[in-house]
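Q: Before I ask anything, let me first share the structure, which is written out below as structure tokens.
Read the figures in this text as sums done on the coordinates, not as results from a lab. For clarity, every value in this text was computed on a predicted model and none was experimentally measured. Glycine gets a Cβ as well: all are built from the backbone with ideal geometry, and neighbour counts include every protein chain shown.
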Amino acid sequence: MNELDLVDRIRRMSGGARPREGLLLGIGDDCAIYRPKSTEDMLFKTDQLIEGVHFLPTLPPAAIGQRALARALSDIAAMGGTPRLCLVSLTIPRNRPASWILAFFRGLLALARRTGTILAGGDLARSDKLYCDVMLCGVVPRGLALRRDTARPGDNLWISGRLGKPWDRPIRPRLDLGRKLLRRDIACTACIDISDGLALDLHRLCLASGVAAELDRVALLKRVARGASLERALHGGDDYELLFTLPPRKAGPAGTTKIGKMVAGKPGAMRLEGRPLAPRGYDHFGIDIT
Ligand SMILES: [Mg+2]
């Protein structure tokens, strides 16, 4: 199978070049064409997936494809957005056959279909290391995107789901919850997704908003995944849940839990049951930010 055949197979698997949801032209020309509505802001995201860094070499190709898209979708969810289209660049070692590449795209496209994401283009190349880059574009009602720099002292801190889940399981991006948080009656003030561990991502939210945070240990313990430790829930990463803030008298949607509050103080400072909490998590550059 040569590259043209391969691209044609992927194009057909993705639903072809027919216009959908603002996409005027998909895979097949020099560029894709997308026309946004005047009532929308567009969200852009790029996310890399590197063998041995973001997943183990033993992970099956369909699961790697799913993971590549899911990580980017989690960021769209964190802004309250709806995904529209993605571009996927993939470099594949020579020892992986065409069937491996098709399985990768089968996994990616299954999640794309479930979430309304169109594969609108990309690039394939051979290299000695498996490397994938997903560029994802989403939309959000104009002016309403959830951000990490808008939490206020006095807001309560909430999370979805459970923390400390095992790595290499399928990621379920919280797109429905992100959209719910846009509702006026919920009045969400800030949001971030937990990709590198609760402590590190909360620290980022606090720094961006210029506030400090206090975590409730008892509430947090109830949200630790079965078989995981509090240490892993705080610093492990790879959870892809949403961490968000609400005004004091507001309640989060079903399946979410209040785990603390935002307070005035040194920006980025965090306390767990009164004790300082270090912003340790998954950090590619290992820079000490304490
Ligand atoms: Mg993120």
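Q: Please go through the residue pairs Lys180/Lys222; Lys37/Lys165; Lys222/Lys261; Lys180/Lys261 and name each one whose alpha carbons sit more than 26 Å apart in this structure. Write down the numbers at each step before the final one.
A: Values: Lys180/Lys222 23 Å; Lys37/Lys165 38 Å; Lys222/Lys261 17 Å; Lys180/Lys261 21 Å.
Violating the 26 Å limit, Cα to Cα: Lys37/Lys165.
Q: While we're here: Starting at the first residue of the stretch 227-232, write each ³J(HN,Hα) from the Karplus equation 6.51 cos²θ - 1.76 cosθ + 1.60 with θ = phi - 60°, in whole Hz, x for Gly and Pro.
A: x, 9, 9, 4, 4, 5
Q: For the chain, compute the orientation-averaged projected area of the C-alpha convex hull (one quarter of its surface), in nm².
A: Numbers: hull surface 62.2 nm².
Result: a mean projected hull area of 15.6 nm².
Q: Once the stretch 1-121 is represented by equal point scatterers at the alpha-carbon sites, with solvent omitted, what log10 I(q)/I(0) does the Debye formula produce at q = 0.10, 0.14 Å⁻¹?
A: -0.31, -0.62
Q: Ok, one more. Charges at C-beta only: +1 for Lys and Arg, -1 for Asp and Glu. How large is the resulting dipole of the chain about its Cα centre, in Debye rounded to 20?
A: Dipole size: approximately 1060 debye.
Q: Mind checking the angle between helix 3-13 and the chain's longest principal axis? C-alpha axes, 0 to 90 degrees, to the nearest 10.
A: 60
Q: What does the helix-only formula give at 222 nm for the chain: each DSSP H stretch with n ≥ 4 adding -39500 (n - 2.57), the total divided by the residues, and the result rounded to the nearest 500 deg cm²/dmol?
A: After summing the helix terms and dividing by residue count, I get -8000 deg cm²/dmol.
Q: List every residue whose amide H lies under 5 Å from the amide H of Leu119, counting only residues 5 or more places away in sequence or on a different chain, with H placed 1.01 Å from N in the peptide plane.
A: Cys86
Q: Alpha carbon centre of the stretch 1-73 versus the stretch 190-237: separation in Å?
A: If we compute the Cα centre of each part, the gap is 30 Å.
Q: Tell me the angle of helix 61-78 to the major Cα principal axis of the chain, expressed in degrees between 0 and 90 and rounded to the nearest ten.
A: That works out to roughly 50 degrees.
Q: Write down the percent of antiparallel bridges among all DSSP beta bridges whose residues are both part of the stretch 69-134, to the nearest 5.
A: Numbers: 4 of 12 bridges.
Counting only bridges with both partners in the stretch 69-134, antiparallel ones make up about 35 percent.
Q: Test of the criteria: in the stretch 88-127, which trypsin sites (Lys or Arg not before Pro) are in a DSSP loop and have at most 14 other Cβ atoms within 10 angstrom of their Cβ? List each step's numbers first, then the result.
A: Numbers: sites: Arg94, Arg106, Arg113, Arg114, Arg126; in loops: Arg94.
When the trypsin sites (Lys or Arg not before Pro) of the stretch 88-127 are filtered for loop state and at most 14 Cβ neighbours within 10 Å, Arg94 remain.
Q: So, one more: Provide the percentage of antiparallel DSSP beta bridges, counting only those with both residues in the chain; round to the nearest 5. Show your work: numbers first, answer last.
A: Numbers: 43 of 57 bridges.
If I count the DSSP bridges inside the chain, around 75 percent turn out antiparallel.
Q: What's the ranking of 146-156, 263-273 by average number of surrounding C-beta atoms within 10 Å, highest first? Intermediate values should be presented prior to the final figure.
A: Numbers: 146-156: 18.3, 263-273: 15.6.
Per-residue mean Cβ counts within 10 Å order the peptides as 146-156, 263-273.
Q: Can you list residues from other chains, or at least 5 along the same chain, whose modelled amide H is less than 5 Å from the amide H of Asp238?
A: Here the answer is Asp196, Gly197, since their amide H atoms fall under 5 Å of that of Asp238.
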